[in-house]
Amino acid sequence: MFKTLLKDKADSKKDKPKEKAADPREAEKKGPAPADASKDVAFARRSVHRKDEKERSPEPSSGSARSSNDGPPVALETIQNKHLGAMLVHKERQNSSRFLVSAAQALEKLPLLKDTKAADRPDLFLRKIRQCTVVFDFEDALSHLKSKEIKRACLMELYDYIKANHNILTEAAHFEIVTMFQANACRVLSPASRINGADFDPEEDDPVLEPSWGHLQLVYELFGAFLESPEFQPNFAKKNMDTQFVSKLLDLFDSEDPRERDLLKTILHRVYGKMLALRVHIRRMINNIFFKFVYEPPGKHNGIAELLEILGSVINGFALPLKEEHKVFLLRVLVPLHKAKSLGPYHPQLAYCIVQFLEKDRSLAGPVLRGLFNMWPRTNSSKEVMLLNELEEIIDMMQPNDFESLRHDFFHQLARCISSKHFQVAERALYFWNNDHVLQMIQEFSSESIPILFPALSRNMKAHWNRTIHNLMLAAMRALIEIDAEVFEQCSAQFRLEIAQDKARSDQREAVWRQLESLASRNPASLVVPVARNSKAKPSADFSPVENLEDAVAELKRVRIETEPQPSRMRRKSILPQDQDVQQALMAHVPHGVGIYSGSD
């Protein structure tokens, strides 16, 4: 039936060659058209689009699933949707999001609210909100220009009206505003990918900006003014602003557009403050986002920094004493966020959240530091510098009695960072000596801290390639002398003794190798090329050189015999003794002994 209708309509178009297809832009300039005229305009636009596609694409083969007489598939799909009563058409986008574009997009300009009688304003206010529910496709910048301008002006007027007037947010207005926000903002985000197929890197790549931002920004600002209004009633809004609404709102934080994430941050903060029943669900959903980011591949999300910034203000409002739920959130959610490779974009917000927790309960500093030491990077120097910054902030908040159980881990980690060949890591570690609180800790535990830090400073003072590091290490050594000169002298003497012992062991190894080379060079059965050695070590006192060649050969044979593996005492079946009578009988049975095993073989 649909095929016949389409074919008849196409034939009727062919019978009128002089008539031109209706231009959508001309129809838009003339204002809203009748229902039949709007259908013709839409059909003409689809016909032109299909004609261009037909010229670019090759002809389908005879074995194709759809024959050439089946009619245009796009028009058929549109008629079926109209027959079923569907009002929305899916439009796939290739940028940052995918919208549900409204089918009926021609808007009628309504009178201004300030020019309307006071009795008619509530109804007109609701009509304007419903008009803003229409969503346009901004991929085609030249389509529906008049309707887009009407919607933009309507959004600006509604924003000013909510800000300047009172007693306008009724229960019906709450419903319409939340519905309008969901229709415009809540959408499916496209996967973040580049033109060449590579994944989006927030540190290197430029974000994909939303082309509909001109309308979307006004929608966010209007909804923010609605939430900030003193007339906002959570009892009216909770019918639409439920857990599903919060889930959709949090999904939008993965948008690549930083402007949208910044406004989303304000919206979510207002929702958290107004809707008390949704607070637990919001925190649980944020936990799930962090868990997925840390533990599931590919481990990428664009809104981690904004979510952590919201949590920073939320943590600041926690009541004391902290609940066990909040402590678990710190140790199992926030601390593991240091494991991610892309720590740089959100590390300041993460460090702020952890410091806020420690200000509430300083006894949590120990578990937090143990988690940091366990996840300390080995080859990522930029992450090491960030963690050193965070480590200094945490140490500043700790008291000596809290620091006592972590002193060994802290001093060993500081010594490893000082010994780093990367000058930024070593430089940041040596800047700890400028912190009075750290110097106080070193002085408090000088008998344990100086023996750990002194070898790292002594070995790298002259061996490091950066001259700035040399000066900083020299200043650190002077500070250690001022802290405790007696312990420093003991460490210096012990360090010199260890250096002498290492040199003696090296000389002994060198002497043994020289003795082996001498014995091998006197062996007539082998040609040994002496290995060139740069060491000037002399043979040890117990080394006795071989006086003649015969003694050297005898010594080498003795060593060869002693090291030669002895035969096993277990007899194998293949070498068991055989009976001579049986062997003779077999030889007599087979002529000439062909194929018979002989024990003498």
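The values are calculated or read from the model by the stated rules, or taken from the named source; none is laboratory data. Source: prediction; values computed, not measured. Note that each Cβ is placed from the backbone with ideal geometry, even for glycine, and that neighbours are counted across all protein chains shown. Surface accessibility is based on the protein's heavy atoms, side chains included, excluding ligands, DNA and RNA. Shrake-Rupley method; radii C 1.70, N 1.55, O 1.52, S 1.80 Å.
How high is the FRET efficiency from R505 to K323, r the C-beta distance, R0 41 Å, rounded to 0.05?
0.10
Suppose each label sits 7 Å from its Cα in the direction of the beta carbon; what would the A585-Y295 distance come out to in nanometres?
Simple spin-label model gives 7.7 nm for this pair.
Using 1/(1 + (r/R0)^6) with R0 = 41 angstrom and r between the beta carbons of S229 and S447, what's the FRET efficiency to the nearest 0.05?
Efficiency for this residue pair is about 0.05.
Subtracting the Cα-Cα distance from 0.36 nm times the residue separation, let me have the gained length for S247 to R459 in nm, one decimal.
Between S247 and R459, full extension yields an extra 70.8 nm.
So which of K248/K323; K128/K148; K238/K274 end up more than 18 Å apart by C-alpha?
As for pairs spanning more than 18 Å Cα to Cα, those are K248/K323.
For E498 and Q440, what is the calculated FRET efficiency with R₀ set at 25 Å and r taken between the beta-carbons, to the nearest 0.05?
In this case the efficiency is close to 0.30.
With every protein chain kept in the model, how would you rank K128, K239, K163 by accessible area, 1.4 Å probe, largest at the top?
Ranked list, largest accessible area first: K239, K163, K128.
Need one value: the accessible area of C186 in square angstrom, 1.4 angstrom probe, rounded to the nearest 10.
30
When the dipole is taken about the Cα centre of the range 201-296, and only Lys, Arg (+1) and Asp, Glu (-1) are charged at their Cβ, what size is it in debye, to the nearest 20?
Here the range 201-296 has a charge dipole of around 1000 debye.
Modelled label-to-label distance, R152 and K109, 7 Å Cα→beta-carbon offset: nm?
With each label placed 7 Å out from Cα toward Cβ, I get 1.4 nm.
Could you calculate the contour length gain from L474 to D160, that is, 0.36 nm times the residue separation minus the distance between their Cα atoms, to one decimal place in nm?
106.6 nm
Quote to one decimal, in nm, the extra length available between E359 and N240 on full extension: 0.36 nm per residue of separation minus the C-alpha distance between them.
Difference between extended and current length: 39.1 nm.
Can you pull out the trypsin sites (Lys or Arg not before Pro) in the range 325-420 that DSSP calls coil and that have at most 12 other Cβ atoms within 10 Å?
Taking the range 325-420 and a limit of 12 other Cβ atoms within 10 Å, the loop trypsin sites (Lys or Arg not before Pro) found are K341, R378.
Exceeding 21 Å between C-alpha atoms, which entries from my cross-link table qualify? They are K292/K360; K265/K360; K462/K503.
From K292/K360; K265/K360; K462/K503, over 21 Å: K292/K360; K265/K360.
Which chymotrypsin sites (Phe, Trp or Tyr not before Pro) in the range 289-373 sit in a loop by DSSP (not H, G, I, E or B) and have at most 16 other Cβ atoms within 10 Å of their own Cβ?
F318
Accessible area per residue of the range 354-410 at 1.4 Å probe, in Å²?
Accessible surface, normalised per residue, equals 42 Å².
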